[in-house]
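Beneath this line is the structure, given in structure tokens, with notes to follow.
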Amino acid sequence: PEKVKFQLRLGQSKPIYNAFKAIKESPDWQSLSEARKRIVDAQIKEAVLNGVSLEDDKREQFNKIQQVQYSSYEVEVKRLL
């Protein structure tokens, strides 16, 4: 599951998360189009759902669970094919 590890690292990137939060908290927020606001909000929400705000030990546990779930899913798909 290298793909899962990569997706989790990207989804849990604090610099990316902080950049989107900075956009939302900036004075320019009001001048953004509704579509761009939805994109920023969706990225913040996705990062939280990916565990960006978890403490280190909880994030490690979350990542292990995600990898097990993906492995189980992969096995089931192969079985069905």
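Using alpha carbons only, how many degrees (0 to 90, rounded to 10) separate the axis of helix 14-25 from the longest principal axis of the chain? Here the helix axis deviates by roughly 30 degrees.
Net length available on complete extension from Tyr73 to Ile39 is 9.4 nm, with 0.36 nm assigned per residue and the Cα-Cα distance removed.
The angle separating the long axis of helix 2-11 from the principal Cα axis of greatest extent in the chain is about 20 degrees. The string of couplings for region 64-75 from the Karplus curve (6.51, -1.76, 1.60, θ = phi - 60°) is 4, 4, 4, 5, 5, 4, 5, 4, 5, 4, 4, 4 Hz, one whole number per residue in order, with x for Gly and Pro.
Nearest 500 deg cm²/dmol is fine: what mean residue ellipticity at 222 nm does the chain get from its DSSP H runs of n ≥ 4 alone, each adding -39,500 (n - 2.57), divided by its residue count? The partial results should precede the final answer.
Working: 4 runs with 63 residues, N = 81.
Value at 222 nm, helices only, nearest 500: -25500 deg cm²/dmol.
Take the Cβ-Cβ distance between Asp56 and Glu25 as r, set R0 to 25 Å, and report the resulting FRET efficiency rounded to the nearest 0.05. According to the calculation, E is roughly 0.50.
Values in this text are rule-based calculations from the coordinates and carry no lab data. Computed from a prediction, not measured in an experiment: that's the story for all the values here. As a convention, Cβ positions derive from the backbone with ideal geometry for all residues, glycine included, and neighbour counts pool all protein chains shown.
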